[in-house]
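Structure first, then comments.
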Amino acid sequence: MKNPNPPHPKHSSSSAAAAAMAPRKSRWGPPPPAGEKGAGAASTSARTPTPTPSTAGDPRRHPPPPGPGARNPAASSAAAFRPPPQPQQQPRVETPPPPSYGFHNLDRRTMLLADGSVRTYFALPPDYPFELTPLPQLPHLPRGAGHEVWPPHHPPPPPQQQQLQLAQHDAKRKHLAEHDEGFHSRHPKQPRFEAAPPQQQQLPPHAAVDRHALRRAFLKYAKMLNESAAQRRSYLEGGRVPCLACGRSSKDFADVHGLVMHAYNPPNVDSFIDHLGLHKALCVLMGWDYTKVPENSKAYQSLLPDLVQASREDLIIWPPTVIIHNTATGRKKDGRAEGLGNKEMDKKISELGFAGGKSKSLYGKEGHLGLTLIKFANSPAGLKEAERLADFLERQDHGRIGWLHARANQSVGSDNSPLLVETDNRTGEKRRILYGYLAISSDMDELDSDSRKRASLKSKREFDPSD
């Protein structure tokens with residue numbers, strides 16, 4: 001039985017030598033001619049240089065495209081009866097014509113910069129005739145197709161839900177791949193339930209405050225600011241001062257402006273009226289306009305001197321009181337000062353034609369202080385009588401300004417000063433010239449401790465006896 005797989009025949013040594021001497025075919029160049037195979041081709045290949053690699057010159061690796069009449073032999077026979085495909089018509093695109101202007105149409109212009117240098121640029125002339133391109137027509141919509149064409153309107157969520165959504169959106173960390181609009185945000189792996197922040201108490205607007213309660217708070221803090229001369233001076237000097245409404249330390253406010261800003265914008269609702277009253281009292285004390293909103297520009301601190309004086313003189317001490325100066329008459333043998341007593345002052349006031357007032361002479365360690373308080377009834381009639389007495393002294397130039405002038409010229413021998421003592425031409429008796437004025441808030445420190453404790457303040461413009 002014959003072997004179905006006979007062994008390959010062995011090549012002879014001569015044929016192996018001839019194959020080794022045969023030239024190696026180039027992978028880039030064309031195959032060698034048929035007549036040059038064998039040993040003769042080796043010498044020719046050695047003399048001929050290797051041609052340059054060419055992609056287009058190798059028909060085996062890059063065959064040429066088939067002609068229009070070429071057929072694929074591997075195709076089925078049914079392809080011969082298939083109709084040739086019709087060429088698809090592409091829409092004709094009209095290329096816009098080039099602009100009719102060119103570089104020769106530009107004008108050279110210059111402009112002056114802020115640093116003084118000049119720059120040159122080119123631009124079309126301002127009167128160049130541009131051709132306006134008509135806008136494309138909008139698609140025609142049938143009548144009554146609005147609800148079908150446009151998407152339905154979704155009503156906005158309730159205000160509370162909208163605020164909650166905004167708060168959650170703001171607190172969420174955004175990823176680079178996420179978009180805020182048009183896409184749903186990525187859901188967290190695990191839902192987090194956070195407690196809602198405590199709702200801050202909304203302060204009522206200034207116009208909705210009870211005017212009666214605000215007036216009482218204003219008068220209360222105006223008295224507290226003027227009870228002591230040292231305390232009033234600390235505020236007028238503009239240093240660090242505490243808040244009388246909430247008790248905050250003076251370290252929290254750099255100056256009175258900071259305290260005014262704090263009083264106008266209080267931290268809570270409970271002390272809102274007290275802080276507003278303190279704000280007005282501070283503005284009246286400092287001579288600022290309390291009707292303007294305090295800002296960092298400090299425009300509210302500009303007020304005319306006449307308005308400053310009017311706002312300060314509007315706050316009077318209640319019950320109505322007239323302060324009489326220069327009531328001391330001399331000194332006793334022990335060196336203590338003596339002056340007009342209560343009965344003598346009541347008699348003098350009655351002689352001047354004013355009734356209803358009760359005198360109270362003030363005394364100190366060295367005796368009579370030369371100061372007497374004339375208190376009238378705490379009623380509109382008592383206020384009217386006190387104003388009459390103050391106006392009478394003012395017309396004689398013996399009011400507040402007259403007393404400041406007389407005290408400025410007061411010397412050691414004041415008993416002979418014509419501004420303090422006058423002599424009767426008939427009897428030759430020396431009498432003291434009385435100076436007096438209606439007591440206001442800034443005169444609170446001139447009262448004695450008992451009168452200061454019992455006294456209060458009233459506004460003549462907003463007079464209300466029930467306060």
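Brief remarks on what is shown
- Test: residue in the range 316-325 that is under 30 Å from His257 (Cβ atoms), of a type outside the set (Lys, Arg) and in contact (Cβ under 8 Å) with a residue 12 or more places away in the chain: yes
- Applying the criterion of at least 3 residues that are out of contact with any Phe, Trp or Tyr (no Cβ under 9 Å at 6 or more places or on another chain) and over 24 Å from Met444 (Cβ atoms) to the helices (runs of 4 or more DSSP H) found wholly in the range 333-418 leaves 342-351.
- Here Ala355 does not qualify as without any contact (Cβ under 8 Å) to a residue 40 or more places away in the chain, closer than 30 Å to Arg216 by Cβ and open to solvent by 40 Å² or more (accessible area, probe 1.4 Å).
- Residue among Leu419, Leu438 that is touching a helix residue (DSSP H, G or I) at 6+ places or on another chain (Cβ under 8 Å), among the hydrophobic types (A, V, I, L, M, F, W, C), farther than 16 Å from Gly339 by Cβ and open to solvent by 50 Å² or more (accessible area, probe 1.4 Å): Leu419
- Just so you know, in the range 385-409 the residues that are basic (Lys, Arg) and under 15 Å from Ile433 (Cβ atoms) include one that is least open to solvent (accessible area, probe 1.4 Å), and it is Arg400.
- Taken over the range 441-464, residues that are open to solvent by 40 Å² or more (accessible area, probe 1.4 Å) and more than 43 Å from the chain's Cα centre (by Cα) amount to 6.
- Filter pass, Val260 being assigned to a loop (DSSP other than H, G, I, E, B) and open to solvent by less than 30 Å² (accessible area, probe 1.4 Å): no
- In the range 312-346, residue surrounded by the most Cβ atoms within 10 Å (Cβ to Cβ) [restricted to those that are under 16 Å from Leu373 (Cβ atoms) and of a type in the set (D, E, K, R)]: Asp346
- Check on Gly382, surrounded by 20 or more Cβ atoms within 10 Å (Cβ to Cβ) and modelled with pLDDT of 90 or more: no
- Test: residue in the range 269-281 that is open to solvent by 60 Å² or more (accessible area, probe 1.4 Å) and part of a loop (DSSP other than H, G, I, E, B): yes
- The set of residues from the range 353-375 being polar (S, T, N, Q) and within 56 Å of the chain's Cα centre (by Cα) comprises just one member, Thr372.
- Gly364 being out of contact with any strand residue (DSSP E or B) (no Cβ under 8 Å at 6 or more places or on another chain) and open to solvent by 20 Å² or more (accessible area, probe 1.4 Å): yes
- Residues considered: Ser297, Ser250. Of these, the only one that is open to solvent by less than 50 Å² (accessible area, probe 1.4 Å), modelled with pLDDT under 90 and within 26 Å of the chain's Cα centre (by Cα) is Ser250.
- Of all residues in the range 412-426, those that are at pLDDT below 80 have Cβ atoms under 7 Å from Cβ atoms of residues that are of a type in the set (A, V, I, L, M, F, W, C), 6 or more apart or on another chain, in Ser414/Leu420; Asp415/Val421.
The values are calculated or read from the model by the stated rules, or taken from the named source; none is laboratory data. The model shown is predicted, which means the values in this text are computed figures rather than measured ones. Counting neighbours? That spans all protein chains shown, and the Cβs are built from the backbone with ideal geometry, glycine included. Note: accessible area is taken over every heavy atom of the protein model, side chains too, but ligands, DNA and RNA are not part of it. Shrake-Rupley method; radii C 1.70, N 1.55, O 1.52, S 1.80 Å.
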